[in-house]
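Report on the following structure.
The values are calculated or read from the model by the stated rules, or taken from the named source; none is laboratory data. Quick caveat: nothing in here was measured; it's all calculated off a predicted structure. Cβ sites come from the backbone with ideal geometry, for glycine too, and all protein chains shown count toward neighbours. With ligands, DNA and RNA removed, areas are computed over all heavy atoms of the protein, side chains included. Shrake-Rupley method; radii C 1.70, N 1.55, O 1.52, S 1.80 Å.
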Amino acid sequence: MNQSKNRKTVLMICMVAMMAALVAVGSNIPNIQIPSPLGTNRFHLGNVMCALSGLLLGPWWGGLASGLGSAIYDLLMDPTRIADTPITFVTKGLYGVVAGAVFFKMFKGKSSYLSELTASAAAAAAYIVIYLGKSFFYNGLLIQGLSAGAAWLAVLGRVPSSLFNGIVAVMFAPILGLALHKALKAAHLDLAIA
């Protein structure tokens, strides 16, 4: 029995590492800058991978993978964001936690398009609220020292790309999750990571 538990732990660590790598790479692909009257934002696939981490690995392991992958992106691929790394770890980690919690607690890990769509949508909505709140309080008021009105204007500039990235995650994470859950079941790994 101890050998089975060790095997599951090693498997989960490998899955977390793989998903963290996918989150980091997805956060840089395609990395399209979206200009807006209130500033430039970017479109990327990192949120898709964050939601997928929660759907595949559950709330805690999935949250760890999405937080680590996003923190790795901040550290290695965007040096201007190094100071934000701990905040990114927590906020993006919550993306995976929410997706995993909804999928595994509400739907008992039963893979269907509706269950994965619902979990992805809940995670995207939660992350958008957290990200915009962080942008207002941390970036706007604390770091930039803006007035409340100016901080709200800065937040409004981030809304279009946040919504777009969230919608893309809600569209693609359930499709990938459904396919990967079928593949894991066929490989008899679905119970090992549940």
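List of remarks:
- Mean Cβ neighbour count within 10 Å, used as a protection proxy, ranking 98-109, 157-168, 2-13, 78-89 highest first: 98-109, 157-168, 78-89, 2-13
- Angstrom value of the Kirkwood radius, inverse mean 1/r, which spans all Cα pairs in the chain: 16.9 Å
- Highest average first, the peptides 41-53, 178-190 ordered by how many other beta carbon atoms sit within 10 Å of their residues are 41-53, 178-190.
- Whole-percent carbon and sulfur share, accessible surface of the chain, 1.4 Å: 74 percent
- At R0 = 35 Å, FRET efficiency that the Cβ-Cβ distance of Arg42 and Gln3 yields, to 0.05: 0.15
- Here the Karplus curve 6.51 cos²θ - 1.76 cosθ + 1.60, taken at θ = phi - 60°, turns the phi angles of the stretch 167-180 into couplings of 5, 4, 5, 5, 6, 9, 4, x, 5, 5, x, 4, 5, 6 Hz, with x standing for Gly and Pro.
- Accessible area per residue for the chain is 51 Å², calculated with a 1.4 Å probe on protein heavy atoms, without ligands, DNA or RNA.
- Taking the stretch 103-194 as the region of interest, the number of lysine pairs whose Cα atoms are within less than 26 Å, with members eight or more places apart or on different chains, is 6.
- Value of relative contact order over the chain, rounded to a whole percent, pairs C-alpha under 8 Å and six or more apart: 23 percent
- Unit charges at the beta carbon, dipole of the stretch 73-133: most positive-side option, Val98, Tyr73, Tyr113: Tyr113
- Label-to-label distance for Ile13 and Ala125 is 3.8 nm, based on points extended 7 Å past Cα in the beta-carbon direction.
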